[in-house]
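Beneath this line is the structure, given in structure tokens, with notes to follow.
The values are calculated or read from the model by the stated rules, or taken from the named source; none is laboratory data. Since the structure is predicted, the reported quantities are computational estimates derived from the model, not experimental observations. All Cβ positions, even for glycine, are placed from backbone atoms using ideal geometry, and neighbour counts span all protein chains on display. In case anyone asks, the SASA skips ligands and DNA or RNA and just uses the protein heavy atoms, side chains included. Shrake-Rupley method; radii C 1.70, N 1.55, O 1.52, S 1.80 Å.
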Amino acid sequence: MKLTVDLNGSTRHIDLDATTSLLDWLRSLGLTGTKEGCGIGVCGACTVLVDDLPVSSCLTLIGVLDDRHVVTVEGVADSDPGLVEAFVDCEAMQCGICTPGHVMAAAGARRAGVGLGDDSGDVDEEIRQWLAGNLCRCTGYETIVAAVRSYLER
Ligand code: FES
Ligand code: FES
């Protein structure tokens, strides 16, 4: 199947089996910041943005991406360095396998207007709900929520 995808601001022309996963395609390009955790849409480690919404790239087939916009963690590291800095400043990682997915969920949160609540308690709850699809075995989530809040406030 032939299709055209905007990947991190660059046009890519693809000729692949339509059932290739977005995750496999990205990693075949050397964009290994997107991680495979569960491979079945549960953990969020493979999160990327498609048309500004977070999706699990392990479940997203390349065949649905014609004329869509895909952003990976490499893309936001270049275009929005304050996002990665927020995670570093808040020490929001331990083993790091979940971190790219959380970073991309945070990028989607800003695009969706998450964090525009009236007080910090509501904002934290809003952030937690937004991150519900991204699992972390290490941190207990407090530093991740703090990092996302810090990013949204910047
Ligand atoms: S690897 Fe995609 S959701 Fe876990
Ligand atoms: S830092 Fe290890 S799973 Fe989140």
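Pick from the stretch 31-89 the residues that are open to solvent by 20 Å² or more (accessible area, probe 1.4 Å) and in a strand (DSSP E or B): which of them is farthest from ligand 1 (Cβ to nearest atom)?
Per the criteria, the residue is 69.
Being of a type in the set (Val, Ile, Thr) and under 12 Å from the mean Cα position of the chain (by Cα) is the filter here; which residues of the stretch 76-129 pass it?
Our first condition is that a residue be of a type in the set (Val, Ile, Thr); within the stretch 76-129, this holds for 76, 84, 88, 97, 99, 103, 114, 123, 127.
Across the stretch 76-129, the qualifying residues are 76, 84, 99, 103.
Taking residue 67 as meeting all but one of (1) more than 13 Å from ligand 2 (Cβ to nearest atom); (2) out of contact with any Ser or Thr (no Cβ under 7 Å at 6 or more places or on another chain); (3) on the phi > 0 side of the Ramachandran plot, write down the number of the exception.
(2)
Could you pull out the residue among 149, 137 that is among the charged types (D, E, K, R) and within 16 Å of ligand 1 (Cβ to nearest atom)?
Details: 149 fails: within 16 Å of ligand 1 (Cβ to nearest atom).
When all the criteria are applied, what remains is 137.
Where the second residue is in a helix (DSSP H, G or I) and of a type in the set (Ser, Thr, Tyr) and the first is within 19 Å of residue 77 (Cα to Cα) and lies in the stretch 136-151, which pairs have Cβ atoms under 8 Å and are six or more apart or on separate chains?
149/120
Yes or no: residue 6 free of Cβ contacts under 8 Å to residues at least 60 places away in the same chain and not assigned by TED's automatic domain parsing to the domain that holds residue 105?
no
Of the residues in the stretch 18-30, how many are touching a residue at least 40 places away in the same chain (Cβ under 8 Å) and either over 29 Å from residue 96 (Cα atoms) or assigned to a loop (DSSP other than H, G, I, E, B) (or both)?
Residues that pass the stated criteria total 3.
Out of the stretch 96-154, which residues are open to solvent by less than 20 Å² (accessible area, probe 1.4 Å), more than 14 Å from residue 47 (Cβ to Cβ) and part of a helix (DSSP H, G or I)?
123, 127, 145, 147, 151
In this structure, is residue 93 more than 25 Å from residue 9 (Cα to Cα) and not assigned by TED's automatic domain parsing to the domain that holds residue 13?
Answer is yes for this residue.
Touching a Pro at 6+ places or on another chain (Cβ under 9 Å), within 16 Å of ligand 1 (Cβ to nearest atom), within 30 Å of residue 19 (Cα to Cα) and at pLDDT 95 or above: is that true of residue 101 in this structure?
So residue 101 passes the test.
Out of all the residues in the stretch 11-23, is one or more open to solvent by 30 Å² or more (accessible area, probe 1.4 Å), closer than 16 Å to residue 71 by Cα, within 16 Å of ligand 1 (Cβ to nearest atom) and not hydroxyl-bearing (Ser, Thr, Tyr)?
no
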